[in-house]
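Okay, so here's the structure we're looking at.
The values are calculated or read from the model by the stated rules, or taken from the named source; none is laboratory data. Everything quoted here is computed from the prediction, not taken from an experiment. Note: ideal-geometry Cβ built from the backbone for every residue, glycine included; neighbour counts use all protein chains shown.
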Amino acid sequence: MEKHTSETTEKKQYFILFYLGGESFAIDVKYVIRVLEATSFTRVPQGPSFLKGVINFNGSVLPVVDTYLKFGLPAKENFRKSLILVLNLNVEGKNTNLGVLVDDSNDVFEAGDTDIKPYPSSGSKYDVNYIEGVIERKGMFMLVLNPEKLFEEDALLSLGKGRASEEADAEV
């Protein structure tokens, strides 16, 4: 009797866990440049409603998104204890840095392709176009976010190419 061994090498990747409005999300670490404490923002007149403002990040203008509003959650008033995930995204062939406000981020973990289960296409709270799936870990379910799909239609990404003309502090 011959013994057959299947040569399946599961693709593993690392994710950063973050929390938003009491829910758990995961994002592939390949998108995350840095995690910063929330700071003061320079407001952008007539920007999209979910654009919290811009900050200086390594000498460049970094647009920062109010992720609560982007995800259709009720607005959060105080971001003082929040974090900013600085992301590097490739949207429509252009590399862009973007900050997203999150409540907390405290873990990096490894998961394989088989650990990511399909996200339900009906009755979902979030748009299935930017959720790649669901991971269960330590009895907790987290949504796997694809940030490039989430922001692919937003004009605010072009803000990352400009320069802030004035420094105005807005309270977080």
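Descriptive notes on the structure:
- Residue within the range 44-61 that is in a helix (DSSP H, G or I), basic (Lys, Arg) and crowded, with 18+ Cβ neighbours inside 10 Å present: no
- Pair list, Cβ under 6 Å, 6 or more apart: the range 90-103 residue without any contact (Cβ under 8 Å) to a residue 40 or more places away in the chain, other residue surrounded by 11 or more Cβ atoms within 10 Å (Cβ to Cβ) and small (Gly, Ala, Ser): none
- Taking the criterion of being crowded, with 19+ Cβ neighbours inside 10 Å and among the aliphatic types (A, V, I, L, M), the residues of the range 97-117 that qualify are 98, 100, 101, 102, 111.
- Matching residues in the range 129-172 - criterion: being among the basic types (Lys, Arg) and either at pLDDT 55 or above or not in a helix (DSSP H, G or I) (or both): 137, 138, 149, 163
- Any hit, the range 103-116, residues being modelled with pLDDT under 90, within 30 Å of residue 9 (Cβ to Cβ) and either touching a helix residue (DSSP H, G or I) at 6+ places or on another chain (Cβ under 8 Å) or small (Gly, Ala, Ser) (or both): no
- Options 91, 100: the member that is more than 24 Å from residue 24 (Cα to Cα) and touching a helix residue (DSSP H, G or I) at 6+ places or on another chain (Cβ under 7 Å): 91
- Verdict on residue 90 being closer than 15 Å to residue 16 by Cα and in a strand (DSSP E or B): no
- So residue 25, is it crowded, with 19+ Cβ neighbours inside 10 Å, closer than 30 Å to residue 139 by Cβ and out of contact with any helix residue (DSSP H, G or I) (no Cβ under 7 Å at 6 or more places or on another chain): yes
- Scanning the range 42-58 for residues that are free of Cβ contacts under 8 Å to residues at least 40 places away in the same chain and within 18 Å of residue 32 (Cα to Cα) yields a total of 1.
- Taking the criterion of being touching an Asp or Glu at 6+ places or on another chain (Cβ under 9 Å) and under 18 Å from residue 17 (Cβ atoms), the residues of the range 74-86 that qualify are 81, 82, 83, 84.
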